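The next block holds one structure in the form of structure tokens; read it before the comments.
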Amino acid sequence: MTAATTELQEQTTPTESATISGGHLVAKALKAEGIDVIFTLCGGHIIDIYDGCIDEGIKVIDVRHEQVAAHAADGYARVTGRPGCAVVTAGPGTTDAVTGVANAFRAESPMLLIGGQGALNQHRMGSLQDLPHVDIMKPITKFSSSVLTTERVADMCAMAFREATAGAPGPSFLEIGRDILDAHVPLENAVLPQPGRYRVSTKSIGDPASVDRLADILTKAEKPCVLLGSQLWTSRGSEAAIEFARSLNIPVFMNGAARGTLPPGDPHHLHLTRRHAFNNADVILIVGTPFDFRMGYGKRLRQEATVVQIDMDYRTVGKNRDVDLGLVGDPGAILAEVTKAADGKGAGGRESWIQSLREEENRLKEERLPRLMREDAPVHPLRLAHEINEFLTDNTMYIGDGGDVVTFSGGVVQPKGPGLWMDPGPLGTLGVGVPFAMAAKVARPDREIVCLFGDGAFSLTGWDFETMVRFNLPFIGVVGNNSYMNQIRYGQIQKYGEERGDVGNKLGDVKYDLFAKMLGGYGEEVREPKDIRPALERARESGKPSLINVWIDQNAFAPGTMNQTMYK
Ligand SMILES: Cc1ncc(C[n+]2csc(CCOP(=O)(O)OP(=O)(O)O)c2C)c(N)n1
Ligand SMILES: [Mg+2]
């Protein structure tokens, strides 16, 4: 045998090829999306994903309830603009996460929930924690599927992310069996979609003719107004919206995640006069928010007004209310395009309209001021909201999680910039506060987080305050404590009278400040309005997760609650 043949033989001798497990393929797929943290509660089915996360440098935040993991993934998506990911075990782990996924579904927030499942060779045999997860998740996701081979784990994750992020975003669900995660396959057999190459931007401006028509409608309008909704933030269209409002000289109202697009004090920022504007405008532009209950299903708009709707989802446009023009696409991109199309067409002559709204706004503010400044104890919820509003900095994210106490705050608290407001969205889920604070602080450690809780809402997911302590995630929590589920109690009193009003809604007089201290955080109790601000300052200085327990008036009910038709 010559030296040459020996060398050839050595080259062709099969060497052991590199292998990779399903759990590690999950981690690679998350990395490809730029995801740097997962929220999870452990279970034997899913531990190989953790092992993969170690290799890929993905942080594992383990929480105390899967609902929290799912809400945190939703919150992470809202803050970062990248999809969030929660990993939960089979059976109860997955069902516990249902509420978080449902919330993301109604809020159009892109997240991936990965749930465990028994091994394929025990399919339908009654393995531990076996449930039809995919069927359970189907109605509350954009995409819900099992993963049936280890080779395609990353490919299926890419598919799930494509569905979650394209068009109007939303959650995806993947069920991955224990054996699929554990098995090792040759690396070259694994399908590994490359970062940035398996999905594309759907930032479209829709029909260009509609853009021109909208520019035309707006330049000719005498009394136009625009409502910016949550999709504006989803599409990161804040700058486009500001430019649009200024160059077309249009008064702006904001709701949901779009709050803060224009800061308070901006000449085009309006807040209290929305109903007045909707009753009097000649053109009403609705951007990225559906005609749902928050909009009176579209019925609270002046009948004669020209109504235009922009939305990422074609199914939302014209739903519940006819529109004169609808545009489907990316709200930010469309507003930028409309601004361009309107350039030079002139948009003057509406000073008196804006002036009249401003005067009405000031009148309503003046009228409300004494209520914001009330000195009574227990504290009036409006005074609490006012103190919080005064406390916010340009870099404070405000999160609301509760019933009436949060409804009160909606009229008072004004975030100082885009992306600084979080609420559950149209599912109205209590319990998002701690998980949203967790996600926001993990994603943006430089940012201050203030979260206002109802005492009822806090109780749902409050144990994860401990997770905030364990991971050193400081935030300033305020519990508006009325020892009731007051928003519901109000309706019961109205319907059944005082004596029957307290059934099923009375809570204990819980000292949440002590709860915070017990778990290693900062806590204080406040009874007098004048003590709120100093307590907030001390919580800020503590640098710890904190809860300020503020005893508030049990008999103050929010006008929003009083107006709800279900109680009329
Ligand atoms: C998960 C969930 N359960 C129940 C409800 C119904 N609900 C709406 S407001 C409310 C009361 C909330 O009480 P609290 O947080 O203490 O706020 P308060 O109204 O007392 O200010 C309830 C139970 C809900 N929205 N979400
Ligand atoms: Mg309460």
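For the chain, take the longest principal axis of its alpha carbons; what is the angle in degrees between that and the long axis of helix 153-165, to the nearest 10 within 0 to 90?
20
With +1 on each Lys and Arg Cβ and -1 on each Asp and Glu Cβ, how big is the dipole of the stretch 354-445 about its Cα centre, in debye rounded to the nearest 20?
It comes to approximately 240 debye.
Quick check on the chain: take the gyration tensor over C-alpha atoms, sort the square-rooted eigenvalues as a ≥ b ≥ c, and tell me if it's rounded (a/c under 1.5), prolate or oblate.
Here the chain falls in the oblate category.
In the stretch 141-210, which trypsin sites (Lys or Arg not before Pro) fall in coil by DSSP and have 15 or fewer other Cβ atoms within 10 Å?
Here the trypsin sites (Lys or Arg not before Pro) that fit, given the DSSP loop and packing criteria, are ARG197, LYS203.
Under a Cβ-only charge scheme (Lys and Arg +1, Asp and Glu -1), can you give me the dipole magnitude of the stretch 227-342 about the Cα centre, in debye to the nearest 20?
400
In degrees, nearest 10, range 0 to 90: what is the angle between the Cα axis of helix 3-12 and the longest Cα principal axis of the chain?
The angle comes out near 40 degrees.
Mind giving me the FRET efficiency for GLU359 and ARG470? R0 is 41 Å, r the Cβ-Cβ distance, nearest 0.05 is fine.
FRET efficiency, GLU359 to ARG470: 0.20.
Mind ordering 54-65, 475-486 by average Cβ neighbours within 10 Å, highest first?
475-486, 54-65
Calculate the dipole size of the stretch 241-292 relative to its Cα centre from +1 charges on Lys and Arg beta carbons and -1 charges on Asp and Glu beta carbons; express the result in debye to the nearest 20.
About 120 debye.
For LYS340 and VAL60, calculate 0.36 nm times their separation in residues minus their Cα-Cα distance, and state this gained length in nm to one decimal.
Extra length from LYS340 to VAL60 when fully extended: 96.3 nm.
Going toward the positive end of the dipole of the chain, with +1 on Lys and Arg Cβ and -1 on Asp and Glu Cβ, which of ALA556, PRO474, PHE105 do you reach last?
Positive-most Cα among the choices belongs to ALA556.
Report the full-extension gain for the segment LEU427 to ARG371: residue separation times 0.36 nm, less the Cα-Cα distance, to one decimal in nm.
Using 0.36 nm per residue and subtracting the Cα-Cα distance, I get 17.2 nm.
Using DSSP, restrict attention to beta bridges with both residues in the chain and report what percent are antiparallel, rounded to the nearest 5.
That works out to approximately 5 percent antiparallel.
Any of LYS28/LYS340; LYS203/LYS319; LYS59/LYS203; LYS319/LYS506 with alpha carbons more than 32 Å apart? Name them for me.
The pairs that break the limit, which is 32 Å between Cα atoms, are LYS28/LYS340; LYS319/LYS506.
From largest accessible area down, sort SER235, SER204; use a 1.4 Å probe on the protein chains.
Largest to smallest exposure gives the sequence SER204, SER235.
Output the peptides 434-446, 84-96, 66-78 sorted from most to least packed, where packing is the average of other Cβ atoms within 10 Å over each peptide's residues.
By packing density, highest mean first, the sequence is 66-78, 84-96, 434-446.
Among TYR512, ALA241, ILE493, pick out the residue whose Cα is farthest towards the positive end of the charge dipole of the chain, where Lys and Arg carry +1 and Asp and Glu carry -1 on C-beta, about the Cα centre.
Value computed over the given set: ILE493.
With a cut-off of at most 15 other beta carbons within 10 Å, and DSSP calling the residue loop, which trypsin sites (Lys or Arg not before Pro) in the stretch 503-567 qualify? Please list them.
ARG527
Considering the dipole of the chain built from charges on the beta carbon (Lys and Arg +1, Asp and Glu -1) around the Cα centre, which of PHE453, THR396, VAL211 is farthest to its positive end?
VAL211
What shape does the stretch 151-248 have by the C-alpha gyration tensor, where a ≥ b ≥ c are the square roots of the eigenvalues, rounded means a/c under 1.5, and otherwise prolate means a/b greater than b/c and oblate the rest?
prolate
The values are calculated or read from the model by the stated rules, or taken from the named source; none is laboratory data. What you see is a predicted model, and the numbers here were worked out from it, not measured in a lab. Backbone-built Cβ (ideal geometry, glycine too); neighbour counts: all protein chains shown. Areas reflect the complete protein model, heavy atoms only, side chains present, ligands, DNA and RNA absent. Shrake-Rupley method; radii C 1.70, N 1.55, O 1.52, S 1.80 Å.
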